[in-house]
1. Checking the condition under 26 Å from residue 331 (Cβ atoms), without any contact (Cβ under 8 Å) to a residue 40 or more places away in the chain and either over 13 Å from the mean Cα position of the chain (by Cα) or not assigned by TED's automatic domain parsing to the domain that holds residue 280 (or both), which residue from 128, 114 passes?
2. Could you count how many residues in the stretch 343-371 are in a loop (DSSP other than H, G, I, E, B), surrounded by 12 or more Cβ atoms within 10 Å (Cβ to Cβ) and within 27 Å of the chain's Cα centre (by Cα)?
3. Would it be correct to say that residue 175 is out of contact with any strand residue (DSSP E or B) (no Cβ under 9 Å at 6 or more places or on another chain) and closer than 18 Å to residue 83 by Cα?
4. Kindly evaluate residue 218 against the criterion of being more than 22 Å from the chain's Cα centre (by Cα), modelled with pLDDT of 80 or more, more than 20 Å from residue 367 (Cα to Cα) and not assigned by TED's automatic domain parsing to the domain that holds residue 83.
5. Does the stretch 331-342 contain at least one residue that is surrounded by fewer than 17 Cβ atoms within 10 Å (Cβ to Cβ), assigned to a helix (DSSP H, G or I) and either modelled with pLDDT of 95 or more or more than 31 Å from the chain's Cα centre (by Cα) (or both)?
């Protein structure tokens with residue numbers, strides 16, 4: 001039986017954003033064709049250095065804001081602590097708290113030789129920061145080689161030319177700008193010069209291990225979902241659109257929904273998982289009362305029993321038969337049941353799936369659905 005709808009649910013955020021461009025010249029900041037602010041300076045040859053920064057934002061007016069800046073992959077406990085400090089500063093300064101993040105992930109530009117895999121897509125990140133960080137407003141900067149080349153001063157000057165920034169909250173090891181020269185010392189000095197309150201937050205730890213997106217990615221890739229969820233402060237989630245498969249699951253009595261996740265999404269290690277499955281009508285669907293949520297068993301792997309080669313994410317929803325094609329699913333991973341196995345035949349596979357379903361029922365019955 002499906003669980004009831006929930007109002008406060010980790011869902012894909014519908015972001016109403018305005019697209020704008022900033023043209024930055026050393027000496028002058030331009031917004032489209034209108035001069036915004038002039039600074040003395042320029043390079044030694046007197047030729048202005050030009051940068052373009054594109055961004056989307058939920059801010060519709062030039063209101064006073066306090067900000068935090070980062071990739072915030074996963075929106076883990078450390079990020080959440082920082083967001084709560086940001087909200088506290090916002091209340092004291094009578095400002096709006098805003099998360100500034102980047103798309104794509106900065107490593108995809110700075111280290112193009114790496115195939116970057118992340119814990120959360122941009123849409124998931126925006127939804128999670130609203131749910132667990134209490135931050136409704138965001139600025140998403142399109143991260144390009146030009147932005148990566150900006151000095152810390154150029155970057156901050158560009159932001160200040162467009163937004164009324166009154167406060168900044170970052171982690172104690174944070175830095176920004178080309179060659180990461182915009183560390184806490186720089187930011188505190190910049191804050192003094194521009195009337196911006198700067199606060200550095202101590203890093204969060206779990207069992208004497210520093211909580212970081214890097215550490216969580218390692219846990220997820222190993223299939224250690226329990227410890228990853230503990231550091232995240234919420235269930236690991238994967239979203240995707242349901243596409244047509246080869247009906248293998250239906251043929252053996254366990255019809256599954258085949259997901260097409262983001263290609264850069266870091267998936268848990270191959271295996272079988274107990275999970276919650278949330279159903280939305282499509283990408284970015286509003287779903288005011290939240291998507292329907294069900295108990296499920298999820299398989300990640302290549303299906304070796306059928307000599308498969310393609311990596312698949314397959315979700316079997318318990319006790320409910322739904323038409324899920326072209327709908328968006330949000331899978332929240334609770335526990336890993338076992339690794340992927342090759343079975344001697346279909347009967348052995350069906351018997352094991354039945355055991356997996358029973359185990360998943362027991363695990364999911366012991367916990368409440370996240371609100």
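The values are calculated or read from the model by the stated rules, or taken from the named source; none is laboratory data. Everything quoted here is computed from the prediction, not taken from an experiment. FYI the Cβ positions are ideal-geometry reconstructions off the backbone, even for glycines, and counts take in every protein chain you see.
1. On the way: 128 fails: without any contact (Cβ under 8 Å) to a residue 40 or more places away in the chain.
Exactly one residue qualifies, and that residue is 114.
2. Filtering the stretch 343-371 down to residues in a loop (DSSP other than H, G, I, E, B) leaves 343-345, 366-371.
Now restrict to residues that are surrounded by 12 or more Cβ atoms within 10 Å (Cβ to Cβ): 343, 367, 369-370.
With the extra rule that they be within 27 Å of the chain's Cα centre (by Cα), the set shrinks to 367, 369-370.
Counting residues in the stretch 343-371 that are in a loop (DSSP other than H, G, I, E, B), surrounded by 12 or more Cβ atoms within 10 Å (Cβ to Cβ) and within 27 Å of the chain's Cα centre (by Cα) gives 3.
3. No.
4. On the way: more than 22 Å from the chain's Cα centre (by Cα): no; modelled with pLDDT of 80 or more: yes; more than 20 Å from residue 367 (Cα to Cα): yes; not assigned by TED's automatic domain parsing to the domain that holds residue 83: yes.
Against the criterion (more than 22 Å from the chain's Cα centre (by Cα), modelled with pLDDT of 80 or more, more than 20 Å from residue 367 (Cα to Cα) and not assigned by TED's automatic domain parsing to the domain that holds residue 83), residue 218 does not qualify.
5. no
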